[in-house]
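Here the structure comes first, spelled out in structure tokens, and everything after it is commentary.
The values are calculated or read from the model by the stated rules, or taken from the named source; none is laboratory data. Predicted, not measured: the structure shown is a model, and the values here were computed from it. With ideal geometry, Cβ positions are generated from the backbone for all residues, glycine too; neighbour counts draw on all protein chains shown.
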Amino acid sequence: MLSGMKAKNWRATERPYTRSDYIHGAPHSRINKYSMGTYKEDYTHELLLVAKEEMQIRDVAIESARIAADKYLSRKMGENNYFLEIKAHPHHVLRENKMIFGAHADRLQEGMRRAFGKPMGRAAQVRVGDPVLRVLTYEHFVNVAKEALELASKKLPKNYSIIISKLSEKKSVAA
């Protein structure tokens, strides 16, 4: 049986370990798409899912939040009335020093000798106030987009707030 690594072991930020060209066997990000829906210039509102605390978010958690929000938005609004974008990118490579417990495990363990660990996943390092997800939509769909971001925040660790802002209209000046 392998050591019991829990999700809380990966939440605290540490020094970024990102140089994939030097990391042998660095896993790929499990996020399939970074933008969904249809991008248009005439969206009136922007909604941001913003982190309230500094943390690391695993790539699988971001992908789960993306899928939940996208399904909810496409079911309630249709594909042409929103644009969903992931703003947090999982660049940090997570490492694990595997320890084996159980019968006769004392002969197999190395303890803290060469304990740097092997790459086992990726995470996005998020600071306070950094956006994780962004939704562009029209005024009459703002409540639906807010519900979608609340649903997505339940798939992510720790706490988030939703910031709703009206996009300024660009006025063209005749030259």
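When restricted to residues that are within 18 Å of residue 62 (Cβ to Cβ) and crowded, with 21+ Cβ neighbours inside 10 Å, the range 116-144 contains 7. Scanning the range 29-80 for residues that are of a type in the set (Asp, Glu) and over 28 Å from residue 168 (Cα atoms) gives 53, 54, 59, 63.
Candidates 165, 161, 153: the one that is modelled with pLDDT of 95 or more, of a type in the set (Gly, Ala, Ser) and closer than 17 Å to residue 44 by Cα is 165. Looking at the range 36-130, the strands (runs of 3 or more DSSP E) lying wholly inside it that each contain 2 or more residues that are in contact with a strand residue (DSSP E or B) (Cβ under 9 Å, 6 or more places away or on another chain) and at pLDDT below 85 sit at 92-96. Filtered by the rule that a residue be in a helix (DSSP H, G or I), over 14 Å from the mean Cα position of the chain (by Cα) and of a type outside the set (Asp, Glu), the range 135-150 gives 140, 141, 142, 143, 144, 145, 146, 148. Checked against (1) surrounded by fewer than 20 Cβ atoms within 10 Å (Cβ to Cβ); (2) within 18 Å of the chain's Cα centre (by Cα); (3) basic (Lys, Arg), residue 66 meets all criteria but (1).
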